[in-house]
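Colleague: Questions regarding the structure given below will be posed in turn.
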Amino acid sequence: MSEAVRYITNEQGDRVGVLLDLDLYERLAHPLAFDTECLVGLSQEELQALAESKLAPAAQHHLDILLERNAENQLLDEERATLDYLLEQVDQLTLLKTRARYTLNRLRELGTVA
């Protein structure tokens, strides 16, 4: 049975090094890689930009109009489909923004981001 940590000692018996099994090493070297909610491979600047992103202005304007018309029960079937699509896009963007903020917070907790 292999141990997760083994020590290397000198002739006097002092610990001078350590050997880690590969799984433990990977967890220590890349702690966010095992958190499926984290967005890995992005820089701090990219994560921050994603966390602050918004729907494109034209799409937001179209969404606002469709929401107003929907509140007045004046949507055509095609417009309702467009509204559903835009709302789905907003939901996906919100999830990505949340994951970007979560990743930034985890990096700060780990001391990786100043």
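Colleague: Of the listed values (1) 1.33; (2) 1.13; (3) 0.95, grab the one calculated as Rg/Rh (Cα atoms, Kirkwood Rh) from the structure here.
Modeller: Checked against the structure: label (1).
Colleague: Using only the Cα atoms of segment 61-114, what are the Rg and Dmax in Å?
Modeller: 17.5, 53
Colleague: Using a Gaussian network for the chain with springs between C-alpha atoms less than 10 Å apart, which of these wobbles most: Glu78, Glu37, Glu45?
Modeller: Glu78
Colleague: Shifting gears a bit: With each label point set 7 Å from Cα along the Cα-Cβ vector, what nm distance links Asp21 and Gln89?
Modeller: 4.9 nm
Colleague: In percent, what relative contact order does segment 45-114 have, based on Cα pairs under 8 Å that are 6 or more apart in sequence? The partial results should precede the final answer.
Modeller: On the way: 35 pairs, mean separation 34.6, N = 70.
Rounded, it is 49 percent for segment 45-114.
Colleague: Which one of Val16, Val90, Val40 has the biggest mean-square fluctuation once the chain is modelled by GNM with Cα springs under 10 Å?
Modeller: Among Val16, Val90, Val40, the largest mean-square fluctuation in the Gaussian network model of the chain belongs to Val16.
Colleague: Quick one: length gained pulling Leu76 to Leu55 fully straight, 0.36 nm per residue minus the C-alpha distance?
Modeller: Details: separation 21, 0.36 × 21 = 7.56 nm, distance 2.30 nm.
Length gained, Leu76 through Leu55: 5.3 nm.
Colleague: What is the helix-to-structure angle for 77-110, meaning the angle in degrees between its Cα long axis and the longest Cα principal axis of the chain, kept from 0 to 90 and rounded to the nearest 10?
Modeller: 20 degrees
Just so you know, all these numbers are worked out from the coordinates, no wet-lab data involved. Here the structure is a predicted model, which is why all the values come from computation and not from measurement. Glycine gets a Cβ as well: all are built from the backbone with ideal geometry, and neighbour counts include every protein chain shown.
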